[in-house]
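The values are calculated or read from the model by the stated rules, or taken from the named source; none is laboratory data. Note that the structure is predicted; figures quoted are calculated from it, not measured. Every residue, glycine as well, gets a Cβ built from its backbone with ideal geometry; the counts of neighbours run over all protein chains shown.
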Amino acid sequence: MRFEPLLEVKDLTVHFRSEEGLVEAVRGVSFNVGRNEILGLVGESGSGKSQTLLAIMGLIDSPNAVLSGSIRFEGQELMGLPRRALDRIRGKKIGMIFQDPMTSLTPVHTIGAQIVETLRAHEQIGRKAAKDRAVELIDAVGIPAPRSVADRYPHQLSGGMRQRAVIAMAMSCNPALLLADEPTTALDVTVQAQILDLIGKLREDFGSSVILVTHDLGVVAETADKVNVMYAGRIVEEGPKEAVFLQPRHPYSWGLFGSIPPFDGPRPARLSAIPGAPPKLSALPKGCSFRPRCPHAHDACLQEPPLAGPVGHRSACVLPDAAIEELAPRQEGAA
Amino acid sequence: MSSVEETDAPAASRQGQAKATESPWATAFRKLRRDRAAIVALAVLVAIVVVCLMAPLYARHVAMTDPFVTNLNGTVMIAGEERPVLEPSTTGLGLGLTPIGPTWEFGPFMLGADNQGRDVAARMLYGGRNSLFIAFASTLLCLVLATLVGTTAGFFGGISDTILSRILDVLWAFPIFLLAISLSIVLLNQTLTIGPWRITSGSLALPIFIIGIVYVPYVARPIRGHVQTLMGAEFVTAAVGLGASPWRILIKDILPNVVPRIVVFVPLILALSMIIESALSFLSIGVQPPGASWGTIIQDGQGLLYSRPAVALVPGIAIAVTVLALNILGDGVRDALDPKSAMRIG
Amino acid sequence: MIYALAARLGQMALVMFGISVVVFLIFFATPGSDPSARIAGRNASQETLQQVRHDFGLDRPLPVQYALMMKKLFVTRDLTSFVNRGQKVIPTVTRAIPITLSLVIGAALLWLIGGLIVGLIAGATKGSWLDRTLMMISLAGVSMPVFWLGEVANLITQSRFHDSWAFSWVPALGYVPFGRDPLGWFQALVIPWIVLATLYVGLYGRVLRASLIETMQEDFIRMARAKGIGERQVLLRHGLRTSLVAFVTMFGLDFGALVGGGALLTEVVFGLQGVGKLTYDALQTLDLPMIMATVIYASFFVVMANFVVDVVHMFLDPRVRDAF
Ligand SMILES: Nc1ncnc2c1ncn2[C@@H]1O[C@H](COP(=O)(O)OP(=O)(O)O)[C@@H](O)[C@H]1O
Ligand SMILES: [Mg+2]
């Protein structure tokens, strides 16, 4: 067997036909996820993070969606896979958690029944045994009194507990890859930390890889191994977490990281924000899509810049290395 | 910890702003114009109304008859042959009279005669005028009453809300149709006097009044709920905070937001009124003779069902087509104005 | 829980009381209406009118009349007809009930199954030609007056095509008791069932479709698909199961209204002597005790249906269960 990453996404594009023209939500995204690795996917809201995950799961069902590219999981091409074959992978080998635990559980079935349903869809397992497994899983994600919680309905649990239940469901078949789409955004700050701890722990307990989508850089700093920064449907910077945090190479990343307060030291009175707004995805500017907001934009930016740079840490910017060295703000003590 | 979200407005809301300059009504009209089914339905309705309005022209110049007087001994020239309008029955025991059947030609007795020798086509047009008029007038009455009741209950709350809501509850639990029948029967047997108006049993005002009342709870309840929601909305609390008078708030802030809801009800209540009017008239407690409506013509045709089915079939088709067009239009208006609200038809 | 149940029962009693008062007022206190004139006939003399008034207790104050009528209806249960003197009202209504129940239950089964199928197919194939066709047919079904459809059915099955193989089995109009001849009962009711159900199939199909489409856009449906369960299971176990609440609510109310006399037009057209027909005949002759009895019976069914709907709601939706 040839060495290959667990997940290999190549040139993924997701377009939507709409009243206002073609919405280019994801534009030629490529990245890999290795075994037992946590990849952070960051970017402003609307930058195409969720659509990327949904494309991997085969969950984009809009009749107006146009997908292309390649998604290889354990060497198998997922793009265009028929529903039956897809259903043997999702839920079993790839689990997914969504942003809002309040709406991601079916209100009319108990927590236990919903976990049992997943187990029985993928494993030859009796009703009773599945129920016991469900209780174990509920216990494993740190929910107290798991046996009674299994018989509860979603509305009877708090947001944090529901998200744990969703995680238990996603992890029920011991998937090799977990896709987490902003799993903490809808939760209280204290609960957020607990859920992140839990996701970090999953890697140790289950040996799973994780793609963690977030617009919260603190979350990435704490958990991820690698970071991909997305802007207007493209990856503009990718690399190991330390490199991206300490030596960001793309002007968008500079603005992005400039808006996090330093981990230690006094909090600045006001966070520096990136001026302007992301472009409309149905009317993207020519060349680099960050150009209209970039303080360093020049004529060369009218060409779409390729993702390039030192091995393992690349960015999509035409600025020469020397200029990047000179202009980049230093981020002390991050990570 | 901080998030990117705070530094920039989310993309979604910005995309929404492009259209924010267009007024909600303009948006609705634009959507409705693109709804082909709704446009066809509207055209059909307009055609039906126009054709029915031409009833006197048709009766005088084509059918050459008065559709309200009986014509038991008349004759008519058809294909150069003089035939009695009411012929002795040729089927069964040969007892009774069978009215002349449809000629299917543009002329007298195009759709045949009823058992009193009257021209069915002419009665269809006059009856259509009554059916449509009753539907429009009772819908207007229903919506005005429902808006008054719903807004009063929702806006003023307190004791007026309690009383009005209880009354609506009782009416709601009352099978609509039984209520309409009960009212019709009682009121048909006397002259109803409301203030300066005297409504006699032959008057169309009676069915209008009855049909206008029975659907009030269906409309008033959602309006009340909507007004209550609006009362909690920020712009209203803000207006209250700024010391605006209740009437000003009612007229400036509440009503403009309630009106689209009411408009959504118009085609649906029209459709319901058509149906219930036809049912009352069918049971002889709607439009009274010699007046006609599509429902009374079906009733006339019931006795002739097996010999001259056209008398009962044609008005039924007219009702079904009109109501279907209203329902399609109703779907279109709802989708255009208020995609979320769903009201049941029927 | 006990308190909520008691409050609920109290509320039901209140609504029924309200309905009985409304009916009473409509018939006894509408300005200008005089039941005695109706009973005595059009050209009755003043003395006869007085006599009738006294005989029927119509000269007493309204509240007393109301109380007397309620007492005869519920306590002594010996209310008699104004028109057919000596005819006991309650047994007459009791005799009509099986006919109405036969009609409504059969139609209800048909429209539940039909509505479920139409709504499910249309909702699952939203936007397709199949969906559009089904919705157009449903809308047409909703738009036809039921009595007219009944006449069309009669025309076809009783007259025009009665001699063809397709409809030669259809018996003459009327009701056949189930106990006497189950097959005859079935044959006599099939056509009325279909006619009555047509309207409701359209109605329920449309409502279920709308509710299903809304549900299928929820996050939990996406979650269910992410679990790798088949689309049929997603549709039925998660989509349909959650959409069923609106469906059941509607069903309870419609069933109650129909059993309570709403099937009147169907009964008239098909010559079935059910409660609706009884009500209609009583209304024609202004037989007040009979009207009071049937309408209160009707409101009882409607109110009961409301209650049953709430209970079923509790079973279907755990959120409602906890709120109770
Ligand atoms: N069905 C759709 N039709 C048109 N545009 C869509 C559709 N679904 C998503 N989009 C667009 O795709 C873009 C990317 O969305 P998303 O991946 O959810 O962003 P993120 O998760 O990074 O916040 C958004 O601008 C959104 O408007
Ligand atoms: Mg997202």
So, first residue closer than 24 Å to A:Leu212 by Cβ in the stretch A:54-65, second residue among the polar types (S, T, N, Q) and within 8 Å of ligand 1 (Cβ to nearest atom), Cβ within less than 7 Å, six or more apart or across chains; the pairs are A:Ile60/A:Gln51
When restricted to C:Val311, C:Val275, the only residue modelled with pLDDT of 80 or more and among the aliphatic types (A, V, I, L, M) is C:Val275
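Specify the residue that is surrounded by the fewest Cβ atoms within 10 Å (Cβ to Cβ); the eligible residues are those in the stretch C:295-305 that are more than 7 Å from chain B (Cβ to nearest Cβ) and under 12 Å from C:Leu253 (Cβ atoms). Full working, then the answer.
Taking the stretch C:295-305 first, the residues more than 7 Å from chain B (Cβ to nearest Cβ) are C:296-297, C:300-301, C:304-305.
Next, only the ones that are under 12 Å from C:Leu253 (Cβ atoms) stay: C:301, C:304-305.
Working: C:Phe301: 23, C:Met304: 16, C:Ala305: 21.
Per the criteria, the residue is C:Met304.
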Out of (1) under 24 Å from A:Lys201 (Cα atoms); (2) more than 7 Å from chain C (Cβ to nearest Cβ); (3) in contact (Cβ under 8 Å) with a residue 24 or more places away in the chain; (4) not small (Gly, Ala, Ser), the one A:Thr118 does not meet is (2)
Does B:Gly212 count as small (Gly, Ala, Ser), modelled with pLDDT of 85 or more and closer than 27 Å to B:Thr296 by Cα? yes
Selected residue (only one of C:Phe220, C:Phe186 is within 14 Å of chain A (Cβ to nearest Cβ) and not charged (D, E, K, R)): C:Phe220
Identify, please: which residue in the stretch A:137-179 is assigned to a helix (DSSP H, G or I), within 30 Å of A:Glu74 (Cα to Cα) and of a type in the set (Gly, Ala, Ser) and is, among those, nearest to the other protein chains (Cβ to nearest Cβ)? A:Ala170
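Okay, residues lined up against (1) on the phi < 0 side of the Ramachandran plot; (2) among the small types (Gly, Ala, Ser):
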| position | (1), (2) |
| --- | --- |
| C:Leu286 | no, no |
| C:Pro289 | yes, no |
| C:Met292 | yes, no |
| C:Ala298 | yes, yes |
| C:Val302 | yes, no |
| C:Ala305 | yes, yes |
| C:His313 | yes, no |
| C:Pro318 | yes, no |
| C:Asp322 | yes, no |
Provide a single number: the residues in the stretch A:55-69 that are within 8 Å of another protein chain (Cβ to nearest Cβ), within 14 Å of ligand 2 (Cβ to nearest atom) and within 20 Å of A:Val23 (Cα to Cα). 1
Any idea which of A:Val227, A:Val220 is within 13 Å of the chain's Cα centre (by Cα), within 26 Å of A:Leu256 (Cα to Cα), more than 16 Å from ligand 2 (Cβ to nearest atom) and within 14 Å of chain B (Cβ to nearest Cβ)? A:Val227
Which residue, of A:Glu19, A:Glu8, is within 13 Å of another protein chain (Cβ to nearest Cβ) and away from ligand 2 (no atom under 16 Å from the Cβ)? A:Glu19
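If I filter the stretch A:28-46 for residues that are within 16 Å of ligand 2 (Cβ to nearest atom), of a type in the set (S, T, N, Q) and either farther than 29 Å from A:Glu237 by Cβ or within 13 Å of chain C (Cβ to nearest Cβ) (or both), do I get at least one hit?
no
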Taking the stretch C:211-223 on its own, how many of its residues are buried (at least 19 other Cβ atoms within 10 Å of the Cβ) and either over 27 Å from B:Ile328 (Cα atoms) or of a type in the set (A, V, I, L, M) (or both)? 6
Which condition from (1) surrounded by fewer than 16 Cβ atoms within 10 Å (Cβ to Cβ); (2) in contact with a His (Cβ under 8 Å, 6 or more places away or on another chain); (3) not acidic (Asp, Glu) is the one that B:Gly154 breaks? (1)
Answer from C:Leu110, C:Leu49, C:Leu101, C:Leu14 - the residue that is outside the structural domain of C:Phe247 (by TED's automatic domain parsing) and under 24 Å from C:Val275 (Cβ atoms): C:Leu14
Residues of the stretch C:246-271 being surrounded by fewer than 23 Cβ atoms within 10 Å (Cβ to Cβ), in contact with a Ser or Thr (Cβ under 9 Å, 6 or more places away or on another chain) and more than 10 Å from chain B (Cβ to nearest Cβ), which ones? C:Phe247
Which one of the conditions (1) surrounded by fewer than 22 Cβ atoms within 10 Å (Cβ to Cβ); (2) touching a strand residue (DSSP E or B) at 6+ places or on another chain (Cβ under 9 Å) does A:Phe98 fail to meet, given that it meets all the rest? (1)
Output the residues belonging to the stretch A:203-217 that are part of a helix (DSSP H, G or I), in contact (Cβ under 8 Å) with a residue 12 or more places away in the chain and either away from ligand 2 (no atom under 16 Å from the Cβ) or not assigned by TED's automatic domain parsing to the domain that holds A:Ser47 (or both). A:Arg203, A:Asp205, A:Phe206
Modelled with pLDDT of 95 or more and within 16 Å of ligand 2 (Cβ to nearest atom) - does that describe any residue in the stretch A:70-79? no
Residue count for the stretch B:113-129, restricted to those that are touching a Leu at 6+ places or on another chain (Cβ under 9 Å) and not in a helix (DSSP H, G or I): 6
Take the residues in the stretch A:95-109 that are facing chain C (nearest Cβ under 7 Å) and either part of a loop (DSSP other than H, G, I, E, B) or out of contact with any helix residue (DSSP H, G or I) (no Cβ under 6 Å at 6 or more places or on another chain) (or both); name whichever of them is farthest from ligand 1 (Cβ to nearest atom). A:Val108
If we keep only residues of the stretch A:180-201 that are within 12 Å of chain B (Cβ to nearest Cβ) and within 15 Å of ligand 2 (Cβ to nearest atom), then the residue surrounded by the most Cβ atoms within 10 Å (Cβ to Cβ) is A:Thr184
Given the criterion outside any helix (DSSP H, G or I) and either at pLDDT below 90 or under 21 Å from C:Ala140 (Cβ atoms) (or both), identify the matching residue among B:Leu313, B:Leu305. B:Leu305
Give the residues of the stretch B:57-68 that are within 10 Å of B:Gly117 (Cα to Cα) and at pLDDT below 75, sorted by residue number. none
Condition check for C:Leu189: part of a loop (DSSP other than H, G, I, E, B) and touching a residue at least 12 places away in the same chain (Cβ under 8 Å): no
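Rundown of residues vs (1) in a helix (DSSP H, G or I); (2) among the basic types (Lys, Arg); (3) at pLDDT below 80, yes/no style:
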{"site": "C:Phe27", "(1), (2), (3)": "yes, no, yes"}
{"site": "C:Arg53", "(1), (2), (3)": "yes, yes, yes"}
{"site": "C:Leu58", "(1), (2), (3)": "no, no, yes"}
{"site": "C:Pro63", "(1), (2), (3)": "yes, no, no"}
{"site": "C:Ile99", "(1), (2), (3)": "yes, no, no"}
Which of the residues belonging to the stretch A:218-238 are of a type in the set (Gly, Ala, Ser) and either under 26 Å from A:His15 (Cα atoms) or without any contact (Cβ under 8 Å) to a residue 12 or more places away in the chain (or both)? A:Ala232, A:Gly233
